[in-house]
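Presented below is the structure to which this report refers.
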Amino acid sequence: MTRLDELVEEYSLSSYYYRWSMPVIFLSGAMTGLSELEQKNWRKYFKDRFQSEYYIIDPTVFDAEDEDKETQELGHVYDLCGIINCDYFIVNLNKVAQSVGTCQEIMFAWLLKKPIIGFWESKDLVQPLHPWIENKLTKKMVSVDTVRMYLQLEYSKRKAKEKNNE
């Protein structure tokens, strides 16, 4: 058994009685070195627009600057659990190259074959991506609103497929 298999087995919630009744989104993006506002603003925007259709996992519930080892480990486990159990991995591509954690999350989601949807907060913030980041993305979009439209379409297709399988 590989380490990846072990992590999935340890943190997968699908084997438990509890499973979210709606698709799960994990919100990835740079946190270290950013203000609390920079970390949380786009995530709040996302949650405000998606929480009625999706369960949102937001890693900003943990302080990225907290040096306490126990808190950092808990945050790491929370992220692993969130990525393993998400249906969609959404990543804010702003400052992604400077964020070791975000790069690791992208790789982990890619290894788990999660749909990885990258976006920039605005057209003014678009910057070239390292090929190792770029080639992991399932979709790359220029705004949160485009991601929103894409996910609404995906959600509609998923519901139609479920209905046809009944």
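In summary, helices (runs of 4 or more DSSP H) completely within the stretch 55-166 and bearing 2 or more residues that are crowded, with 16+ Cβ neighbours inside 10 Å occur at 69-85, 100-111, 144-165. For the stretch 8-45, filtered to residues that are modelled with pLDDT under 90 and in contact with a strand residue (DSSP E or B) (Cβ under 9 Å, 6 or more places away or on another chain), the residue that is surrounded by the fewest Cβ atoms within 10 Å (Cβ to Cβ) is S21. Of the residues contained in the stretch 73-88, none is found to be modelled with pLDDT under 85 and either under 21 Å from A109 (Cα atoms) or of a type in the set (K, R) (or both).
The values are calculated or read from the model by the stated rules, or taken from the named source; none is laboratory data. The structure presented is a predicted model; accordingly, all values stated were derived computationally and were not measured. Neighbour counts run over all protein chains shown; Cβ positions are idealised from the backbone, glycine included.
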